[in-house]
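The next block holds one structure in the form of structure tokens; read it before the comments.
The values are calculated or read from the model by the stated rules, or taken from the named source; none is laboratory data. None of the values given here were measured: they were computed from a predicted structure. Don't worry about glycine lacking a Cβ; one is built from the backbone with ideal geometry, like all the others, and counts go over all protein chains shown. Ligands, DNA and RNA are stripped out before the accessible areas are found, and what is left, the full protein with its side chains, is counted by its heavy atoms. Shrake-Rupley method; radii C 1.70, N 1.55, O 1.52, S 1.80 Å.
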Amino acid sequence: LLLSGAVFSQASARITYNFFSNGSPAGSPPLILDATNSLSKYTTASGEEFYFDYANNTTYQTTLLKCGKRIVNSQNIDNYPKPELLPDTMTILGYLCNKAHVIIRSNHIDIWYTTQTKVKGTPSVNIGPALGLVLKIIRNGNFEISAASIEPLSFEPILNYLNGEFVDLPLYRDLVTAQNYTT
């Protein structure tokens, strides 16, 4: 609870998430989310960056292609699937969390989020970006992304997408996927 009190008074925090499959560590490196009340950011192991600009109700995903070109996609947060809010609660890292549920492409996803912090964010761009601070996601009952720690930050994350070419989501996904294959 001492850590919880420290984060309540902080304008920014770093949340570390771990991945689990069927209750065991999934072998993925931890995901680090830097968050404030107006902006949060995480970077995947492949270098893809995800930003949540709450002041403008927009998410951005960006990556630097192997050819040296940066591409960017932006989406309005309101365009993401709306979770159903449920009455269940759970305490995670000293924070009272509420439960929400959403179905995305046949995946049943439980979301545990808190509104007890000044910071907002989620470790998955399309899962609960408007709820508050997401501390746990359980997909299909067997894959979990769970917060392991929350630490105050001495800086605020910044947006790093301004020099990229904005593309629509299908093209963005196609270009990111194509980088992983040699034809």
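Considering every residue within the range 135-147, establish whether at least one is under 16 Å from I32 (Cα atoms), touching a helix residue (DSSP H, G or I) at 6+ places or on another chain (Cβ under 9 Å), of a type in the set (A, V, I, L, M, F, W, C) and open to solvent by less than 50 Å² (accessible area, probe 1.4 Å). Looking for residues that are under 16 Å from I32 (Cα atoms), touching a helix residue (DSSP H, G or I) at 6+ places or on another chain (Cβ under 9 Å), of a type in the set (A, V, I, L, M, F, W, C) and open to solvent by less than 50 Å² (accessible area, probe 1.4 Å), one finds none in the range 135-147, hence no. Applying the condition of being among the polar types (S, T, N, Q) and either touching a Lys or Arg at 6+ places or on another chain (Cβ under 7 Å) or open to solvent by less than 80 Å² (accessible area, probe 1.4 Å) (or both) to the range 149-183 and asking which residue is modelled with the lowest pLDDT yields N160.
When restricted to residues that are part of a strand (DSSP E or B) and either in contact with a Phe, Trp or Tyr (Cβ under 8 Å, 6 or more places away or on another chain) or closer than 22 Å to E165 by Cβ (or both), the range 69-87 contains 7. From the list K120, K66, the one residue that fits, being of a type in the set (K, R), in contact (Cβ under 8 Å) with a residue 12 or more places away in the chain, surrounded by 20 or more Cβ atoms within 10 Å (Cβ to Cβ) and closer than 30 Å to V167 by Cβ, is K120.
Give the residues of the range 99-117 that are touching a residue at least 24 places away in the same chain (Cβ under 8 Å) and in contact with a Leu (Cβ under 8 Å, 6 or more places away or on another chain), sorted by residue number. Within the range 99-117, A100, I111, W112, Q116, T117 meet the criteria.
Total residues in the range 13-36 satisfying the condition of being surrounded by 17 or more Cβ atoms within 10 Å (Cβ to Cβ) and at pLDDT below 90: the figure is 1. Residues in the range 77-103 that are buried (at least 17 other Cβ atoms within 10 Å of the Cβ) and of a type in the set (S, T, N, Q): N98 only. Checking the conditions here, which among S46, S74, S106 is crowded, with 16+ Cβ neighbours inside 10 Å and of a type in the set (G, A, S)? None of the others qualify; the one that does is S74. The requirement of being surrounded by fewer than 17 Cβ atoms within 10 Å (Cβ to Cβ) and not charged (D, E, K, R) is not satisfied by T59.
Filtered by the rule that a residue be within 25 Å of N180 (Cβ to Cβ) and part of a strand (DSSP E or B), the range 32-51 gives I32, L33, K41, Y42, T43, E49, F50, Y51.
With respect to I92, determine if the residue is touching an Asp or Glu at 6+ places or on another chain (Cβ under 9 Å) and at pLDDT 95 or above. Judged against the criteria, I92 is not a match. Assess whether G128 counts as being surrounded by fewer than 18 Cβ atoms within 10 Å (Cβ to Cβ) and modelled with pLDDT of 90 or more. Considered against the rule, which asks whether it is surrounded by fewer than 18 Cβ atoms within 10 Å (Cβ to Cβ) and modelled with pLDDT of 90 or more, G128 comes out as no.
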